[in-house]
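Heads up, the thing below is written out as structure tokens.
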Amino acid sequence: MEKLYFIPGSQDLYGKECLRQVAEDCREMVDFLNEKLEGTIRIELLPTVETSEICVRDMRTVMCDDDCVGVITWMHTFSPAKMWIKGLQELRKPLLHLHTQANEKLPYDEIDMDFMNLNQAAHGDREYGFILAKLGIPHEVVAGFYRHEHVIAKIRQFAQVAKAIGLSKNTRVATFGNNMRDVAVTDGNRLECEIKYGWEVKYWGIGEIAVLADAATDEEVDAKMAEYLDKYTMATDNVESVREQARYEVALEKFIAKNKVTAFTDNFQDLHGMKQLPGIAAQNLMAKGVGFGPEGDYKISALSSVLMKMAEGREGATGFIEDYTYDLTPGQELELASHMLEVPASFAANRPEIQVHHLGIGGKADPARLVFDGVTGDGIQVTLIDLGDHFRIVCADIELVKQPRPMPKLPVARIMYRHKPNFEIGTAAWCYAGGAHHSVVSTALTRSDIAMFARLTGTELITIGDDTTEADLQKFFMK
Ligand code: MN
């Protein structure tokens, strides 16, 4: 289980009794939060910062602990912020500034100078906020009494985003082949991805998977087929085509384990040695949290794994999707999103069927794929683009809906959604923002999760939703 460290701030001017009380209050706070956040994160208390040396030591503990994904700080008393400078300069993990108090109510009848000296977050947290601003350190501020539900919810959200950032820093994308010839948005600077988000983007030939697939034993393929039949309904006589996909997944799982890969891409233009484009193989792996991007889209592959991690433990589905086609009936506009084959099984509203159909693109054998209708509910669509001098995240609020009518001739999984505030503004804003045709859709995450991720990673964010107006569209390209 990942952990956060909790570092309180004070100083030695107030005497030993005051510092003892600070530590005791923090212990109570940490115990309370651990109880509330059980299953999500563990919190461990570090020594109160009274000097620059303690701060440096605490931050080094944070940085040297691989289980630690972030840190919570709180100034119980006034803590002169110069003593935080050197420690904060060593911190390269997500930071939550918890602006709280040990007490909820002001004790009007009892309050004296001792109480005020001990409980002065309004004073100390502003001094501390200044040094964070001065140092330009990305961080999240949560304000309120720590026992209030909305504060606990925010800390939980921070823990989930910090865990996702922790995974991001350990993300390794295997790109089998390069990105699709001539496509712009799937390309970019892999080096910058690693510097900014920690994503190692490494090339391998798809032949690596072809060789491993050929070497898969009957027992391994049988076991994978049993897994498929347990989760999905066989709706084809072409079992050999399905077994071929099972071989690909066996091969991919071995490759992933051996090379410590967390996400991968393939490309239908580069399937040398493969009989089919991976269909079920990719769909089933995505449902297990493995990131995936088609056509060599390493950014969306990495982003999908990061956002699946962020959504861990929440209701709802999260995964890769591609924008395809619209129903433009006035006032009832809808989008149909899908892909050639690779729609994550986690989006299934019904038990998926295994079907085999011809695939017109790629010139390979008929691939087996999972076909299903998609989940419904409020959701977000998120993408990440590389603009050369910076990355941009675009996050749109959407409503996933049940498809109004069957599509008996469409042999692929799909989801459908409505844009906000409406089709005209929502899709125009996405186009203005340069949003990609590959994205991650989630019914588990919200705009506020993505905003926190963007803030903590220092990424530009453009949001689209009910608060987006015609006037906002006119602001694009206005510097
Ligand atoms: Mn695509």
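Each value in this text was obtained by applying a stated rule to the coordinates, not by laboratory testing. All values derive from a computational prediction rather than experimental measurement. Ideal geometry is used to build each Cβ from the backbone, glycine not excepted, and the neighbour counts take in all protein chains shown.
From the P(r) of the stretch 361-462, can you give the percent of Cα pairs sitting at distances over 22 Å? Present the calculation step by step, with values, prior to reporting the outcome.
Numbers: 2161 of 5151 pairs.
So the portion of pairs separated by more than 22 Å is 42 percent.
Sort VAL173, VAL441 so that the residue with the fewest other Cβ atoms within 10 Å of its own Cβ comes first and the one with the most comes last. Please report the intermediate quantities before stating the final value.
Working: VAL173 26, VAL441 29.
Ordered by Cβ neighbours within 10 Å, fewest first: VAL173, VAL441.
If packing is taken as the mean number of other Cβ atoms within 10 Å per residue, what is the order of 399-410, 331-342, highest first?
By packing density, highest mean first, the sequence is 331-342, 399-410.
Please arrange TYR232, TYR417 by counting, for each residue, the other beta carbons lying within 10 Å of its beta carbon, fewest first.
So the residues, fewest neighbours to most, are TYR232, TYR417.
Give the residues of the stretch 411-431 whose amide nitrogen is closer than 18 Å to a point set 7 Å from the Cα of GLU470 in the direction of its Cβ.
It comes to 420-430, nothing else.
Can you tell me the orientation of helix 121-135 relative to the chain, as the angle in degrees between its alpha-carbon axis and the longest Cα principal axis, to the nearest 10?
50 degrees
Counting pairs of alpha carbon atoms under 8 Å apart in space and at least six apart in sequence, what relative contact order in percent does the stretch 254-356 give?
25 percent
Based on the alpha-carbon set only, what is the convex hull volume of the stretch 164-299 divided per residue, in Å³?
Details: hull volume 15.5 nm³, N = 136.
Cα convex hull per residue, to the nearest whole number: 114 Å³.
Round to the nearest 10 and give me the degree value, 0 to 90, for the angle of helix 218-231's Cα axis relative to the longest principal axis of the chain.
Around 70 degrees separate the two axes.
Among SER448, SER79, SER439, rank each residue by its count of other Cβ atoms within 10 Å, from fewest to most, as a rough exposure measure.
On the way: SER448 14, SER79 27, SER439 24.
If I rank by nearby Cβ atoms, fewest first, I get SER448, SER439, SER79.
Taking all pairs of distinct Cα atoms, average 1/r, flip it, and tell me the Kirkwood hydrodynamic radius of the stretch 17-78 in Å to one decimal place. Mind dumping the intermediate values first?
Values: mean 1/r = 0.0784 Å⁻¹.
By the Kirkwood definition, the hydrodynamic radius is 12.8 Å.
Compute the Rg/Rh shape ratio of the chain: radius of gyration over Kirkwood radius, all on alpha-carbon atoms.
Expressed as Rg/Rh, it is 1.04.
Taking N as the number of residues in the stretch 50-101, what is its Cα Rg relative to 2.2 N^0.38 Å?
Working: Rg = 10.9 Å, N = 52, 2.2 N^0.38 = 9.9 Å.
With N residues counted in the stretch 50-101, Rg over 2.2 N^0.38 Å equals 1.11.
Determine the principal axes of the Cα atoms in the stretch 262-393, then give the extent along each, sorted from largest to smallest and rounded to whole angstroms.
Taking the Cα atoms of the stretch 262-393, the three principal extents are 39, 38, 33 Å.
Could you tally the net charge around ARG243, taking each other residue with its Cβ under 10 Å from the Cβ of ARG243, Lys/Arg +1 and Asp/Glu -1?
Values: positive: LYS224, ARG247; negative: ASP218, ASP222, GLU240, GLU244.
With Lys, Arg at +1 and Asp, Glu at -1, the neighbours total -2.
With a cut-off of 8 Å between alpha carbons and a minimum separation of six or more residues, what is the relative contact order of the stretch 20-72 in percent? Could the numbers behind the result be given before it?
Details: 20 pairs, mean separation 12.7, N = 53.
It rounds to 24 percent for the stretch 20-72.
Out of the chymotrypsin sites (Phe, Trp or Tyr not before Pro) in the stretch 76-176, which ones are loop residues according to DSSP with at most 10 other C-beta atoms within 10 Å?
Working: sites: PHE78, TRP84, TYR108, PHE115, TYR128, PHE130, PHE145, TYR146, PHE158, PHE176; in loops: PHE78, TYR108, PHE145, TYR146.
In loop regions of the stretch 76-176 (DSSP not H, G, I, E or B), the sparsely surrounded chymotrypsin sites (Phe, Trp or Tyr not before Pro) are TYR108.
Against the globular-protein guess of 2.2 N^0.38 Å, express the Cα radius of gyration of the stretch 3-168 as a ratio, rounded to two decimals. Mind dumping the intermediate values first?
Numbers: Rg = 15.0 Å, N = 166, 2.2 N^0.38 = 15.3 Å.
For the stretch 3-168, the normalised Cα radius of gyration is 0.98.
Can you tell me the 0 to 90 degree angle between the C-alpha axis of helix 16-36 and the longest principal axis of the chain, rounded to 10?
Once rounded, the angle reads 20 degrees.
Give or take rounding to whole Å, what are the principal axis extents of the alpha carbon atoms in the stretch 251-297, in descending order?
The Cα atoms of the stretch 251-297 stretch 24, 19, 18 Å along the principal axes, largest first.
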